[in-house]
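Peer 1: Dropping the structure in here first, questions after.
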Amino acid sequence: MKNGNKKYIIFNLLLYTTIFFVSCKSNTKTPEAAEESLPETATPVTITHADMGSMKETVEVNATSSFLLKTFVKANAGGYLQAVNAQLNSYVSKGEELFTIKTKEAQSLGNT
């Protein structure tokens, strides 16, 4: 071995030995001291028990609930709408005339 390589090997050996001994140093803090150094974080908690009985407080609210019943309306013939007899939020019974349709042929012929 050359003289330069010996110095390099000795330097690396001393460096790694020093790192090894420094990293093996024991922790001087006790677990109690470590816990004392942590800030106290606590969430306030109230414990209660379930109770069977009537409610003591009630609130009455006026409200109207509604839903839309979607039903499709189909015609036997295609054409143009002449009149719409359906009203929003009105009840529809069977056989009631909702729309008046003029067919494409009748529209193209006109009054002839």
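Peer 1: What is the extension gain from V92 to T71, computed as 0.36 nm multiplied by their sequence separation minus the C-alpha to C-alpha distance, in nm to one decimal? Present the calculation step by step, with values, prior to reporting the outcome.
Peer 2: Numbers: separation 21, 0.36 × 21 = 7.56 nm, distance 1.10 nm.
Gain in length upon complete extension: 6.5 nm.
Peer 1: Pull out the extension gain between I9 and L81, defined as 0.36 nm times the separation in residues minus the alpha carbon to alpha carbon distance; nm, one decimal. Please list the in-between numbers first.
Peer 2: Values: separation 72, 0.36 × 72 = 25.92 nm, distance 9.91 nm.
16.0 nm is the gain from fully extending I9 to L81.
Peer 1: Arranged from highest to lowest average of other beta-carbon atoms within 10 Å per residue, in what order do the peptides 73-83, 49-59 appear?
Peer 2: Details: 73-83: 9.3, 49-59: 4.6.
The most tightly packed comes first, giving 73-83, 49-59.
Peer 1: Residue by residue through segment 89-106, what is 3J(HN,Hα) from phi via Karplus (6.51 cos²θ - 1.76 cosθ + 1.60, θ = phi - 60°)? Round to whole Hz and write x for glycine and proline.
Peer 2: Computed from phi, the couplings for segment 89-106 are 6, 10, 7, 10, 10, 5, x, 6, 7, 9, 9, 10, 10, 10, 5, 5, 5, 5 Hz.
Peer 1: Moving on to the next point. Give the accessible surface of segment 73-112 per residue, rounded to a whole number of Å², with probe radius 1.4 Å and ligands, DNA and RNA excluded.
Peer 2: Result: 96 Å² per residue.
The values are calculated or read from the model by the stated rules, or taken from the named source; none is laboratory data. Note that the structure is predicted; figures quoted are calculated from it, not measured. Neighbour counts run over all protein chains shown; Cβ positions are idealised from the backbone, glycine included. The protein model used for the area step is the full one, side chains on, heavy atoms only, and it has no ligands, DNA or RNA in it. Shrake-Rupley method; radii C 1.70, N 1.55, O 1.52, S 1.80 Å.
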